[in-house]
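Mind looking over this structure? Questions follow.
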Amino acid sequence: MLLIPYAEAVDTMTKGLSRFMDEETARHFASIFADNSADGIASHGLNRFARYMDDMASGICNPKVLEAERVSGMGGFEVWDAHFGVGPLIAEQMGRRVMTLAGEHGIGCVALRNNSHWLRAGRYALQMAKAGYVAFCFTNTCMNMAAWGSKQLSTGNNPMAMAVPYAGEGLLMDMAVSQYAFGKLEVMAQQGKMMDTPCGYDAEGNETNDPQKIIDGGMMFPMAMWKGSALSIMLDLMAVTLSAGRSSLEIGEPKAGEKGMSQVYIAIHPDALPDKENVQEKIQATLRFFRSLNGGQSSVHAPGENLPQVRKRSMEQGVPVTEDTWRRIVGVG
């Protein structure tokens, strides 16, 4: 594992991205990849860079489209169309827009269709939480998971993120509804690691804990068996209902390229929240309780609680990346 200085990582990726967009935009986009890895989410940070470059070169993502277009709206709810533009940049735009709607109505909801991969769901929920908003975001994906009761690709692992403001940052839950996120499988495969338990099928339909076998033509299990499957299906259909966008079925299997996701962004304005100081005290009490527990192997903590420390370490020591991933990034750059 390498530790690359943050500025060097951004500079290197900016060179590659500048083939598709102006340098200022390319640098901001590069910082998104670097930020995600610095926060410990390498699967949706530097590990995703070379693939995103391929998506822009092939037309799966249109690098000329940097903003979405408003389609319709009523009160605090709006529908926008990304026209297959640059997913993370458009997702940030939707995060800003939904906070504006929440400022006008107390709560805002934006449904977005035809977006490219937004990388890390938690970035946009945290964007809102840092500004004092309660946030919930989710997206559908290509069919990369077997619905419960099947042994074929039939639904997406449909990541979701929710965040509450806390201590100037936010507590953040960011997860796909598969047993493992697909990007996490890629990281483990690069590192030659096995999963603790079977978490998917190989290409022959056998249960396996080998991430590479799942990547090579297999499929993932839903988390919590039938419950995760039901959650996946409803997240997909909810995003489609609100945006009139593409379903996981329409996006298709991973081999076709993940193009045109449907996404939802929800924000609640801080002025709509009652007794905020007392709520912060309740959160602190809950976190103290978790820290007092002994889980046997590691301390118990709330989702996202350790994020500031992880980010600080990455900024001081370097952003972690495997040698193979960094070699591809340098090659593209």
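The values are calculated or read from the model by the stated rules, or taken from the named source; none is laboratory data. Since the model is a prediction, treat every value here as computed from it, not as a measurement. Virtual Cβ from ideal backbone geometry, glycine too; neighbours counted across all protein chains shown. Quick note on the areas: whole protein, heavy atoms, side chains included, nothing else; ligands and nucleic acids left out. Shrake-Rupley method; radii C 1.70, N 1.55, O 1.52, S 1.80 Å.
What pairs come up if the first residue lies in the range 233-250 and is more than 13 Å from N157 (Cα to Cα), the second is open to solvent by 80 Å² or more (accessible area, probe 1.4 Å) and assigned to a helix (DSSP H, G or I), and their beta carbons are under 9 Å apart, counting only those six or more places apart or on different chains?
That search, which allows pairs on different chains as well, returns V240/E250.
Under the condition of being in contact with a His (Cβ under 8 Å, 6 or more places away or on another chain) and among the aliphatic types (A, V, I, L, M), which residue from the range 62-86 is farthest from V98 (Cα to Cα)? Steps first, answer last, please.
Of the range 62-86, the ones in contact with a His (Cβ under 8 Å, 6 or more places away or on another chain) are 62, 65, 68-69, 75-76.
Going one step further and asking which of them are among the aliphatic types (A, V, I, L, M), we end up with 65, 68.
Working: V65: 20, A68: 13 Å.
Once the filter is applied, the top-ranked residue is V65.
Restricting the search to the range 103-144, which residues are outside any loop (DSSP other than H, G, I, E, B), open to solvent by less than 30 Å² (accessible area, probe 1.4 Å) and β-branched (V, I, T)?
V110, T139
Continuing with this model, one more query. Might you check whether a residue that is open to solvent by 60 Å² or more (accessible area, probe 1.4 Å), closer than 26 Å to L235 by Cα and assigned to a helix (DSSP H, G or I) occurs anywhere in the range 176-184? Break it down into steps so the answer makes sense when it comes.
Applying the first criterion (open to solvent by 60 Å² or more (accessible area, probe 1.4 Å)) to the range 176-184 yields 179, 184.
Of the ones still in play, those that are also closer than 26 Å to L235 by Cα are 179, 184.
Those still in the list that are assigned to a helix (DSSP H, G or I) too: 184.
Yes, the conditions are met somewhere in the range 176-184.
Any residue in the range 72-93 that is in contact (Cβ under 8 Å) with a residue 60 or more places away in the chain and under 9 Å from V110 (Cβ atoms) sitting within a Cβ distance under 8 Å of a residue that is surrounded by fewer than 21 Cβ atoms within 10 Å (Cβ to Cβ) and of a type in the set (S, T, Y)? List the pairs, counting only those 6 or more apart or interchain.
Pairs found: V79/S72.
A further question follows. Pick from S58, S18, S31: which is touching a residue at least 24 places away in the same chain (Cβ under 8 Å) and on the phi < 0 side of the Ramachandran plot?
Working: S18 fails: touching a residue at least 24 places away in the same chain (Cβ under 8 Å); S31 fails: touching a residue at least 24 places away in the same chain (Cβ under 8 Å).
Sole residue among the options that is touching a residue at least 24 places away in the same chain (Cβ under 8 Å) and on the phi < 0 side of the Ramachandran plot: S58.
Of all residues in the range 195-210, which are hydrophobic (A, V, I, L, M, F, W, C) and surrounded by fewer than 16 Cβ atoms within 10 Å (Cβ to Cβ)? Break it down stepwise before answering.
We begin by selecting, within the range 195-210, every residue hydrophobic (A, V, I, L, M, F, W, C); these are 195, 199, 203.
Of everything in the range 195-210, just one residue is hydrophobic (A, V, I, L, M, F, W, C) and surrounded by fewer than 16 Cβ atoms within 10 Å (Cβ to Cβ), namely A203.
Cβ contacts < 7 Å: first residue on the phi < 0 side of the Ramachandran plot, restricted to the range 35-54; second residue part of a loop (DSSP other than H, G, I, E, B) and charged (D, E, K, R), any location; separation 6+ or different chain. Result?
As it stands, the answer is N36/R120; I41/R120; H44/R120, since those pairs meet every condition given.
Out of (1) surrounded by 22 or more Cβ atoms within 10 Å (Cβ to Cβ); (2) under 19 Å from E258 (Cα atoms); (3) not acidic (D, E), what's the single condition that is false for A161?
(2)
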